[in-house]
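K.L.:
My questions all concern the structure below.
The values are calculated or read from the model by the stated rules, or taken from the named source; none is laboratory data. The shown structure was predicted, so the numbers you read here are calculated from the model rather than taken from an experiment. FYI the Cβ positions are ideal-geometry reconstructions off the backbone, even for glycines, and counts take in every protein chain you see. With ligands, DNA and RNA removed, areas are computed over all heavy atoms of the protein, side chains included. Shrake-Rupley method; radii C 1.70, N 1.55, O 1.52, S 1.80 Å.
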Amino acid sequence: MKIYLKYISLSFQKAITYRIEYFTSILNALLYIFIFISIWKAIIPEEGIDNGITPEIMTSYAVLSTLIKATFARSQGFISSKVRTGEIAVDLMKPYSIPLLYLSDIIGQSLFQLLARGIPLLIFCIFFFNIKIEVELIQFIKFINLYFLSFIIYYLISLFISSLSFYFVEVFPFWILYFALVTFMSGAIIPLDFFPEFLKNIILFTPFPYLFYFPTMVLLRPNQLLINYNELLLNYFINIVILFIISSLIYRMGIRKLPIAGG
Amino acid sequence: MKIFLENPYIRLIISSIQSKMEYRGTFLIFLLTILGFYLSQVAVIALMLYKFKTIKGWNAGELAMLYTLLIFSMGVVSTIFSGMIDFSDFIRKGDYDRVLLRPLSTIGQILSINFDLTGLAHLSLGFVALVITNHLIHINWNFANIFYFIITIIGGSLILGSIRIMVASVCFYAISNESLQHLIVFSSREFLMYPLNIYTRTVQIFLTFIFPIAFINYYPSYYFLNKDPSMIFHPYLIYGTLPMGIFLFFIAIFLWRLGERYYGSTGS
Amino acid sequence: MDDQYSGTIIVENLSKVFYIRKRKQGFLGSILSLIYAEKYPIYAVDNISFRIQKGEIVGYLGPNGAGKSTTIKMLTGILMPTSGRILVNGLEPFSNRKVVTKNIGVVFGQRTQLWWDLPLYESFDLLRIIYKIDFKEFKKRLDEYIELLGLESFLNQQVRKLSLGQRMRADLAASLIHNPNILFLDEPTIGLDILTKDVVRKTIKQLNQQKKITVILTTHDLEDIEFLVDRLILIDKGKIRYDGDLNQFIHQYQKSKRILIHLEEEVKLENSLNGYKILKNDMNRFFEIEVPMDESVANIINKIQTMGGRIQDITVKKQELADTLKEIYKGKEIELS
């Protein structure tokens, strides 16, 4: 257990040292938010549409979903670089689990991003973009729940793709595919409400909208959720279980493949 | 033809292409990357249009035109100005000193040595975008329009290329410009994927007169789409792409020379 | 380019100053240094002057950080002098970069000037175009260098596949293909095997004699110096410590010589050899001793025979450049002219 805590602390510290990266990434996130707020203000009529989605709500949506996304750290190379360099053989001999180590690494970085990016960005947006979010305690608790569940889904998908590096030399195309799907289907930019019916139903079968769309909406429009909260929780658990099974399988089979292939 | 091949810069470009042929795999990956990126962006916009029909008066075909001009310019720039993107590594490894030891222009060498055909991936996507634009909107491709299209791409490429040169010249003063570069490349693309009129007036002024990327696709679109220019600052801005490109280029060269002089007095 | 200046280097009162930021210690200090940092000057090159004539081979030596590479960078036009004058082939290198580089050749031991992914001959052809070399001249010279340096066998190989020795030989040819009248060599034999070192040195010497190419050599390899160099310029802490003939330098600062003694039988010489410093003692039969320069060999033989040693073999080792330099590098204050 100590190892993982230590690792969280290490990757947190590593993130601090990259100061310029820090400032530019905040700027990037702000730009991103700004662009989308501009778009929504331009295309959504004042009075709102679709059961009360107003430009103000979409502004808050853009900020919230981007913030959540910003706090999920990217750690693509962690496992795949170990596989490529063969370092993984050494890691496998040590008394810790690589997937858990990976989790620790992501948690560490995400903690840093939450504190060093998430919070400043939130403060900045509240003043600059005039966000008003009225939250009841219950809603906030529900939000925290979904946030953590969503983080787990995020981690499991990342683990899955990283494990593909046992099978393919270049995993990069898979990450690209993943990012493209996330951009489109996770609610990072467009809320599920705006999708045509048939597409909406298809997407609900994937884990993607659970990443950003639902946590954001449970905070912003708790009374107009597409799926009620309890059913939502159920869906989260189903997704997590399925993803857990798939990624564990791929990972374990991948490890087994390693000595056979010679590493 | 012979004279062509005897020009040092042309030969350096050819050599660069030959060298990079070795790494064919990267081309495919690169193509996949930008394909994935643009497809997801297009999906997002398509969704918005499906729901809202237009974005501040710009319909699907017109937005496609914006994309077309942007992607073409990006394609030309990533082919020709690739050397500026890797300039911080270039200087750090001592390759810049080697460039100084040859009786040729420094910028000329840096651009020629790193000439990168993978930028053509952008161009192929640009053609796709052009076809889609034509499918959605009727544009009369007479001689004048084709000519002005080429001019616009040249101007847009000059604008983006000049920005690259200016960002690269920061390397003369600081060790790394990675983050700055990432920020500039990122924003110069993101802002332009939507029509400028969705942004606040301040931002529009900024993107027209201070960081003048709007000239790459927004203003020239008015010309091709025959849009009413009464909403923008001045109707003549429509023709500003090439002049702005040339202007920025001179500024970029000037700043570059300043950087070279600084390097000459302080070393690496 | 004036003909009287051809192949010459003139350096007058040359200085190069760098400003270093003094970083403050501690947390508070590092924040402060973001806003304001004190700068203090470092005189990498401090008011040096020398003239090199056409056809000279000059060794430019000094300990690390002495100002060697800074000087070379100024001579080749990479860096601008802070003050003073440089004329290479009669022109200021920094402000006349394109013209000056046409007539100089530079070899950096650690970095190649060849095109990494292309076959070797392609690099030569590119150089032909860059330096606008007449084709017949180019062919003639290239053939000559291929022969001299043994490049034939790997002419079609990609440069990245070449061994270090092959690459160095190719780099040398590449630096000469445009017929420069001045050649700058920075660590040209570093990491090379003995045979290749030999080829490289002999080629440089030969071309210097045939074509009167001026050579400036910066190296830590003293065999390079001893084989090639007529004139030695020694720089330390930015100032020139010595500028003159190499052999004179060695003789001038020779303080002692070494004698190798091989005895027929074991004899304990230790205590009796006062005045002589014993450097090596192998089984009390093979000795290396250091004696003052003016001590005669006859005296030494006498002393040893008195102690009962029968000398089978005796060798006088000439003063090595290495020894003299070590003394100087160590910072010992030697009276230099």
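K.L.:
Using only Cα atoms, figure out Rg for chain C and give it as a multiple of 2.2 N^0.38 Å.
P.N.:
That ratio works out to 1.24.
K.L.:
Right, something else. Expressed as an acute angle from 0 to 90° and rounded to the nearest 10, what is the orientation of the C-alpha long axis of helix B:241-266 relative to the principal long axis of chain B?
P.N.:
30 degrees
K.L.:
Largest first, what is the accessible-area ranking of B:Arg201, C:Arg258 with a 1.4 Å probe?
P.N.:
Numbers: B:Arg201 150, C:Arg258 70 Å².
From most exposed to least exposed: B:Arg201, C:Arg258.
K.L.:
May I ask for the Rg/Rh ratio of the protein assembly as shown, computed from Cα atoms with Rh as the Kirkwood radius, given to two decimals?
P.N.:
Numbers: Rg = 35.1 Å, Rh = 32.8 Å.
In the protein assembly as shown, Rg relative to Rh is 1.07.
K.L.:
Provide Rg and Dmax in Å for the range A:84-206, with only Cα atoms included in the calculation.
P.N.:
Rg then Dmax for the range A:84-206, in Å: 18.5, 53.
K.L.:
Related question: Hey, can you grab everything whose amide H is under 5 Å from the amide H of A:Ala73? Only 5+ residues off in sequence or another chain; H modelled, so Pro and N-termini drop out.
P.N.:
Residues meeting the amide H criterion: A:Ser110.
K.L.:
I would also like to ask the following. Once the mean 1/r over all distinct Cα pairs of the range C:111-219 is inverted, what Kirkwood radius in angstroms do you read off?
P.N.:
14.0 Å
K.L.:
Another question, if that's okay. Over all residues in B:182-193, what is the mean tally of Cβ atoms on other chains that come within 10 Å of each residue's Cβ? Each step should come with its number before you reach the end.
P.N.:
Working: counts 5, 6, 1, 0, 5, 5, 0, 0, 6, 4, 0, 2.
Average neighbour count from other chains, rounded to a whole number: 3.
K.L.:
Additional query: How big is D, in µm² s⁻¹, for chain B by Stokes-Einstein at 20 °C and 1.002 mPa s if Rh is the Kirkwood radius over C-alpha pairs?
P.N.:
Details: Rh = 19.8 Å.
Translational diffusion coefficient: 108 µm²/s.
K.L.:
Also, quick follow-up: Scan around B:Thr54 for amide H atoms under 5 Å from its own, H built in the peptide plane at 1.01 Å from N, and keep only partners 5 or more places away or cross-chain.
P.N.:
Sorted by chain and number, the residues that satisfy this come to none at all.
K.L.:
Compute the long axis of helix C:297-306 from its Cα atoms, compare it with the longest principal axis of the Cα atoms of chain C, and write down the angle in degrees, 0 to 90, nearest 10.
P.N.:
The helix C:297-306 is inclined about 40 degrees to chain C.
K.L.:
Taking square-rooted eigenvalues a ≥ b ≥ c of the alpha carbon gyration tensor, is the range A:27-69 rounded, prolate or oblate, where a/c under 1.5 means rounded and, failing that, a/b exceeding b/c means prolate?
P.N.:
Values: a/c = 3.85, a/b = 1.82, b/c = 2.12.
Note, shape of the range A:27-69 comes out oblate.
K.L.:
Which ³J(HN,Hα) values in Hz, rounded to whole numbers, follow from the phi angles of the range B:130-145 under the Karplus curve 6.51 cos²θ - 1.76 cosθ + 1.60, where θ = phi - 60° and Gly and Pro get x?
P.N.:
In residue order, the calculated couplings are 4, 4, 4, 4, 4, 5, 8, 9, 8, 10, 7, 8, 8, 4, 4, 5 Hz.
K.L.:
Rounded to a whole number, what is D in µm²/s for the range B:1-68 from Stokes-Einstein with the Kirkwood radius over alpha-carbon pairs (25 °C, 0.890 mPa s)?
P.N.:
D = 158 µm²/s.
K.L.:
Kindly count the pairs of lysines across the range C:163-307 whose alpha carbons are less than 26 Å apart, treating pairs on different chains or eight or more residues apart as eligible.
P.N.:
Qualifying lysine pairs in the range C:163-307: 19.
K.L.:
Determine, from the Cβ-Cβ distance of B:Trp141 and B:Ile175 and an R0 of 56 Å, the FRET efficiency 1/(1 + (r/R0)^6), rounded to the nearest 0.05.
P.N.:
Details: r = 48 Å, r/R0 = 0.86.
The calculated FRET efficiency here is 0.70.
K.L.:
Here is a further query. When the Karplus curve 6.51 cos²θ - 1.76 cosθ + 1.60 is applied with θ = phi - 60°, which whole-Hz ³J(HN,Hα) does each residue of the range C:254-264 get, with x for Gly and Pro?
P.N.:
6, 10, 9, 10, 10, 10, 9, 10, 10, 8, 5
K.L.:
Placing one identical point scatterer on every Cα of the range C:50-176 and ignoring solvent, what is log10 I(q)/I(0) from the Debye formula at q = 0.23 Å⁻¹?
P.N.:
-1.36
K.L.:
What's the center-to-center distance, using Cα atoms, between the range C:69-86 and the range A:179-201 in Å?
P.N.:
So the two Cα centres are separated by 62 Å.
K.L.:
Measure nothing fancy, just the Cα-based angle from helix C:135-149's long axis to the longest principal axis of chain C, in degrees from 0 to 90, nearest 10.
P.N.:
Tilt of helix C:135-149: around 20 degrees.
K.L.:
Calculate the mean, over all residues of peptide B:95-106, of how many other protein chain Cβ atoms lie within 10 angstrom of the residue's Cβ. The partial results should precede the final answer.
P.N.:
Numbers: counts 2, 1, 7, 6, 1, 9, 13, 9, 12, 5, 2, 2.
For peptide B:95-106, the averaged partner shielding equals 6.
K.L.:
If you don't mind, there's one more thing I want to ask. Just need the Rg to Rh number for the range B:96-246, please, alpha carbons only, Kirkwood Rh. Intermediate values should be presented prior to the final figure.
P.N.:
On the way: Rg = 17.7 Å, Rh = 17.5 Å.
Rg/Rh for the range B:96-246 comes to 1.01.
K.L.:
Once a ≥ b ≥ c are taken as the square roots of the eigenvalues of the Cα gyration tensor of the range A:100-153, is the result rounded (a/c under 1.5), prolate (a/b larger than b/c) or oblate (a/b not larger than b/c)?
P.N.:
Details: a/c = 3.74, a/b = 1.43, b/c = 2.62.
It comes out oblate by the Cα gyration axes.
K.L.:
Compute, for A:Tyr96, the solvent-accessible surface of its heavy atoms (probe 1.4 Å) with the complete set of protein chains present, and express it in square angstrom to the nearest 10.
P.N.:
A:Tyr96 exposes around 50 Å² with every protein chain in place.
K.L.:
Can you pull the semi-axes for chain A, root of five times each eigenvalue of the Cα gyration tensor, sorted largest first, whole Å? List each step's numbers first, then the result.
P.N.:
Details: eigenvalues 235, 91, 55 Å².
For chain A, the semi-axes come out at 34, 21, 17 Å.
K.L.:
So for the protein assembly as shown: antiparallel DSSP bridges make up what percent, rounded to the nearest 5?
P.N.:
Details: 44 of 61 bridges.
For the protein assembly as shown, the DSSP antiparallel bridge percentage is about 70.
K.L.:
Another question, then. Enter the accessible area per residue of the protein assembly as shown (Å², integer; probe 1.4 Å; all protein chains in place).
P.N.:
With the other protein chains kept in place, the protein assembly as shown gives 48 Å² per residue.
K.L.:
Can you tell me the Rg and the Dmax, both Å, for the Cα atoms in the range B:1-148?
P.N.:
In Å, with Rg to one decimal and Dmax whole: 19.4, 60.
K.L.:
Mind listing the long-range amide H neighbours of C:Asp236? Cut-off is under 5 Å, sequence gap 5 or more, other chains count too, H placed in the peptide plane at 1.01 Å from N.
P.N.:
C:Arg241
K.L.:
For peptide B:52-63, compute the average count of partner chain beta-carbon atoms within 10 Å of each residue's beta-carbon. Before the final figure, lay out each step's value.
P.N.:
Values: counts 8, 1, 2, 3, 5, 1, 1, 0, 0, 0, 0, 0.
Going residue by residue through B:52-63 and averaging, the value is 2.
K.L.:
Would you calculate the separation in nanometres between label points at A:Leu258 and C:Glu226, each defined as 7 Å from the Cα along the Cα-to-beta-carbon direction?
P.N.:
5.4 nm
K.L.:
Here is a further query. In whole Hz, with x marking every Gly and Pro, tabulate ³J(HN,Hα) for the range B:99-112 from phi via Karplus 6.51 cos²θ - 1.76 cosθ + 1.60, θ = phi - 60°.
P.N.:
4, 5, 7, 10, x, 9, 5, 5, 4, x, 5, 4, 6, 5
K.L.:
Continuing with the same structure: Ranked highest first by average number of other Cβ atoms within 10 Å, how do B:85-92, A:240-247 line up?
P.N.:
Working: B:85-92: 17.9, A:240-247: 15.2.
Ranked from most to least packed, the peptides come out as B:85-92, A:240-247.
K.L.:
Can you tell me which of A:221-228, C:108-115 comes out highest on packing, and rank the rest after it, using the mean Cβ neighbours within 10 Å? Mind showing how you got there, number by number?
P.N.:
Details: A:221-228: 13.4, C:108-115: 18.5.
Answer by packing, highest mean first, reads C:108-115, A:221-228.
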